[in-house]
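Below you'll find the structure, written out as structure tokens, and then a few comments.
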Amino acid sequence: MLIRRPAAAVFNAMIDPAITTNFWFTKSTGKLREGETVTWQWEMYGASADVAVKKIVENKLISFDWGEPKESVDFSFTSSADGNSTYVVIKNYGFAQTGDALISKIIDTTGGFTTVLDGMKAWLEHELSPNLISDKFPKEFINH
């Protein structure tokens, strides 16, 4: 996803929960730091995830493990030649599932991370919080 903001701003939006909470999770126990673990919460779903940060390369890469069973996620940030835009790629790998369960997991995570990127773009480019995450599975329409 192309985000029309400098790499430092886009990278920081993933590191700093004061920004990330505008488009993804609702609470965090802290900023992402290499070698540390934080907990992200999605209060509207009663869900949380421990995020173990493996590697950070400033303005270029955030790599972490999360979930149970553990999966790896890499956010890579590539700056445009003029420095005004950033191309963000998310790679999710290390799945424990096989067969149809793996296909289902890949579809689910691809959709989820696409929603995150859409929300990030809306927030960083226009300061709009479109409630994409909270509206993805509204309680009144989803059977639990």
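Once amide H atoms are placed 1.01 Å from N in the peptide plane, what residues at a sequence separation of 5 or more from Glu71, or on another chain, have their amide H within under 5 Å of its amide H?
Distant-sequence amide H within range of Glu71: Trp66.
In a Gaussian network model over the chain where Cα atoms closer than 10 Å are linked, find which of Asp16, Asp108, Asp100 has the largest mean-square fluctuation.
Most flexible of the set in this elastic network: Asp100.
How much FRET efficiency would the formula 1/(1 + (r/R0)^6) give for Tyr45 and Asp16, where r is the Cβ-Cβ distance and R0 is 30 Å, rounded to 0.05?
Once the sixth-power term is evaluated, E becomes 0.85.
Could you calculate the FRET efficiency of Ser76 with His126 from 1/(1 + (r/R0)^6), where r is the beta carbon distance between them and R0 is 22 Å, rounded to 0.05?
E between Ser76 and His126, to the nearest 0.05, is 0.40.
Multiply the residue separation of Asp108 and Asp135 by 0.36 nm, subtract the distance between their alpha-carbon atoms, and state the gained length in nm to one decimal.
Residue separation times 0.36 nm, minus the Cα-Cα distance, leaves 8.2 nm.
Among Met44, Met120, Met14, which one shows the biggest mean-square fluctuation in a GNM of the chain, springs joining Cα atoms closer than 10 Å?
Met44
Which percent of Cα pairs goes in each bin when the distances of the stretch 2-133 are cut into 10 angstrom slices starting at zero?
12, 43, 36, 8, 0
Only the coordinates and a few stated rules stand behind these numbers; no lab work does. Computed from a predicted model, the values in this text were never measured in an experiment. Backbone-built Cβ (ideal geometry, glycine too); neighbour counts: all protein chains shown.
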